[in-house]
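What follows draws every value from the coordinates through simple rules; no lab data is involved. What you see is a predicted model, and the numbers here were worked out from it, not measured in a lab. Note that each Cβ is placed from the backbone with ideal geometry, even for glycine, and that neighbours are counted across all protein chains shown.
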Amino acid sequence: MMRMRLMWFTVGFAATAAVMGNFLYKDLLLDRHSLSLQLKNQFDSLESRLDSVSPKE
């Protein structure tokens, strides 16, 4: 009886940890993608403003 409880507790704990790890991984991946996209947009905007200000040769 005690071994079965320990086994089910271990299985439940491992499943919960796996689900939480999956959510955390997806959240961090989404944040990283969002940050890189935001930086790319800002640098593209800055580059276009610098191109419009710089003298043409």
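The table that follows gives values for the structure above.
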item: Meets criteria (exposed (fewer than 10 other Cβ atoms within 10 Å of the Cβ) and out of contact with any Leu (no Cβ under 8 Å at 6 or more places or on another chain)) for residue 11; result: no
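For every residue, the table says whether it meets (1) surrounded by 10 or more Cβ atoms within 10 Å (Cβ to Cβ); (2) over 27 Å from the mean Cα position of the chain (by Cα); (3) in a helix (DSSP H, G or I).
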| residue | (1), (2), (3) |
| --- | --- |
| 6 | yes, yes, yes |
| 22 | yes, no, yes |
| 25 | yes, no, yes |
| 28 | yes, no, yes |
| 31 | yes, no, yes |
| 36 | yes, no, yes |
| 43 | yes, no, yes |
| 52 | no, yes, yes |
